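Just so it is clear, none of the values below were taken in a lab; they were calculated from the coordinates. In this text, all values refer to a predicted model and were calculated from it rather than measured experimentally. Neighbour counts run over all protein chains shown; Cβ positions are idealised from the backbone, glycine included.
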Amino acid sequence: MAGPATAERGERQQESSSGPPLVHRLRRMSPRTIIILSLAVICLGAGSLWVLYGSQWTRVEHVSVSGTTVLTPAQVSGAARVRLGTQLISVDTDAVEARLRCELPRIDSVDVVRSWPHGIGLKVVERTPVMVEEKGGKFVEVDAKGVRFATVSQAPKGVPLLELSLSRSSTAAASLRRLGEARLVREAVAVAGRIPTAVARETRVVKVRTYDDISLELSGGRTVAWGSSENGRLKARTLTALMKAAPGARHFDVRVPTAPASSGS
């Protein structure tokens, strides 16, 4: 029959056998073994830090650029200003991205990645012009977000001209003060994004007079009174049906898409 002393020893043995396996192993190790393992871990950590921050094995040796169409890889890598020989881990990818977006407005987005052990990759997405503004004999490209991002000597083919013919009326002046020119440009871009594909190919000019007075000039002298960018999908469907119903018309009005009109046939 087990006495109190025997029961107490059993409880101590049970307590010592509980807990994580690693703890049991460490308890069984000698102090000398623990010291050696600790030194090994420290050396491994120090070696890893040296490889990342001090060795020549992880330094930048080349910068690669992908995704460019109008820009050249040399322009992008030059604006990135990543110094060769820099430790790869020390390259501030956020700063590189900020420089590129600031110095090359044509870049819509860029992904700066480390390509171990020796490279930096720049994956670029350029802005695409959906309209151009003519200024001083040159053309300012405008993207789908309404951002004016580049000036070129020749207008891209198939891209309509944006014409800001802002009315001098008090309503137009109030609209311009309230919204600002940038907002009106974005409205024009929104309209252009809803034009039916077949009509878009024939669109030569997107004319903005006020927020609610945006019109299209098509090839052959045809025009479309579009209004604002509101109800763009409905207006697009209405315009397509209206042009099919009156193929000889020269003027189309979808400002009120539930009551469209055509004339000049």
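The table for this structure:
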{"item": "Whether segment 131-263 is rounded, prolate or oblate, judged on the alpha carbon gyration tensor where a/c under 1.5 counts as rounded", "result": "oblate"}
{"item": "Length released on extending from Arg81 to Arg233, taking residue separation times 0.36 nm less the Cα-Cα span", "result": "50.3 nm"}
{"item": "Counted charge near Val189, where neighbours are those whose Cβ lies closer than 9 Å (Asp, Glu -1; Lys, Arg +1)", "result": "0"}
{"item": "Environment charge of Glu202, counting only residues whose C-beta is closer than 11 Å and scoring Lys/Arg +1, Asp/Glu -1", "result": "+2"}
{"item": "In range of the label at Leu166: residues from segment 222-236 whose backbone nitrogen is under 19 Å from the point 7 Å along Cα→Cβ", "result": "227-229"}
{"item": "Net lengthening on full extension, Ala95/Val125 (0.36 nm per residue, minus Cα-Cα)", "result": "9.1 nm"}
{"item": "Cα-centre dipole for segment 131-263 with unit charges at Cβ (Lys and Arg positive, Asp and Glu negative), debye to 20", "result": "140 debye"}
{"item": "Efficiency of FRET between Arg250 and Glu134 - r from beta-carbon atoms, R0 22 angstrom, step 0.05", "result": "0.35"}
{"item": "Under-5 Å amide H pairs with Ala150, H placed in peptide plane, nonlocal only", "result": "Glu141"}
{"item": "Protection proxy ranking, peptides 123-134, 77-88, average beta carbon neighbours within 10 Å, highest first", "result": "123-134, 77-88"}
